[in-house]
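Q: Following this message is one structure expressed as structure tokens.
The values are calculated or read from the model by the stated rules, or taken from the named source; none is laboratory data. Keep in mind that this is a model prediction, so the values were computed, not measured. Cβ placement follows ideal geometry from the backbone for every residue including glycine, while neighbour counts extend to all protein chains displayed. For accessibility, only protein heavy atoms count, side chains too; no ligands or nucleic acids. Shrake-Rupley method; radii C 1.70, N 1.55, O 1.52, S 1.80 Å.
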Amino acid sequence: MKTVYANTRHPRLIKWSSIAIGAAGVVCLVLYFVFSGEYYLFSAFYSLAYFAIFYSLYKLSTYTFDDEADTITFSQQKKYPLRLSDITSVIYKENRRGRFRHLFIHDSGTGFMEIRTSKENADRMVAQILKANPDAEVKHAHYL
């Protein structure tokens, strides 16, 4: 059974809002060339374009847990799946105040996966990992 964890419930909205933000950035770039030298327009383009790229990368990423194939795949790295049965440790990385940042999964060899998602998705993922491999160790790291 495949379980897909996404960072958004509305992928179309995220896709179109990223396109709109990117288009606004291109408009700022065109205005920069038209007015030749207004630096704030170029910085606005740069800021909007970077925001659109990284926001859409974060929100549109998905993690697929396949119980039958015994793998975890990341939408941007499908070539290198991580085997559920080989996972030795799962670390909740949190900041000093205890706020969740991301999940770090390590297997028995050199494989690892850093999962940037919500706390609720991370809890469901860890439950599924522990169901497939009860020997996996769950830790919390408070140093970010």
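Q: So what is Rg over Rh here for the stretch 1-62, counting just Cα atoms and using Kirkwood for Rh?
A: 1.19
Q: Mind grabbing the accessible area of V138 for me, 1.4 Å probe, Å², rounded to tens?
A: 60 Å²
Q: Among [x] 73, 37, 30; [y] 42, 28, 25; [z] 63, 35, 27, which one is Cα extents along the principal axes in Å computed from these coordinates?
A: [z]
Q: Given R₀ = 35 Å, FRET efficiency for F51-V4 by Cβ-Cβ distance, to 0.05?
A: About 0.85, to the nearest 0.05.
Q: Let me ask another. What is the list of residues in the stretch 76-105 whose amide nitrogen lies under 14 Å from a point 7 angstrom out from the Cα of Y58, following Cα to Cβ?
A: 100-103
Q: Cα centroids of the stretch 114-144 and the stretch 1-41: how far apart, whole angstrom?
A: 31 Å
Q: Label points 7 Å out from Cα along the Cβ direction at S108 and K78: separation in nm?
A: In this crude spin-label approximation the distance works out to 2.8 nm.
Q: Once both labels are modelled 7 Å past Cα along the beta-carbon direction, what's the F42-H142 spacing in nm?
A: 4.7 nm
Q: Could I ask something else about it? Sum up the lysine pairs in the chain that clear both bars: alpha-carbon distance under 18 Å and a spacing of 8 or more or different chains.
A: Step by step, the pairs that qualify in the chain add up to 10.
Q: So, one more: Leaving ligands, DNA and RNA out of it, report the carbon-plus-sulfur percent of the accessible area of the stretch 1-94 at a 1.4 Å probe.
A: The computed percentage sits at 64.
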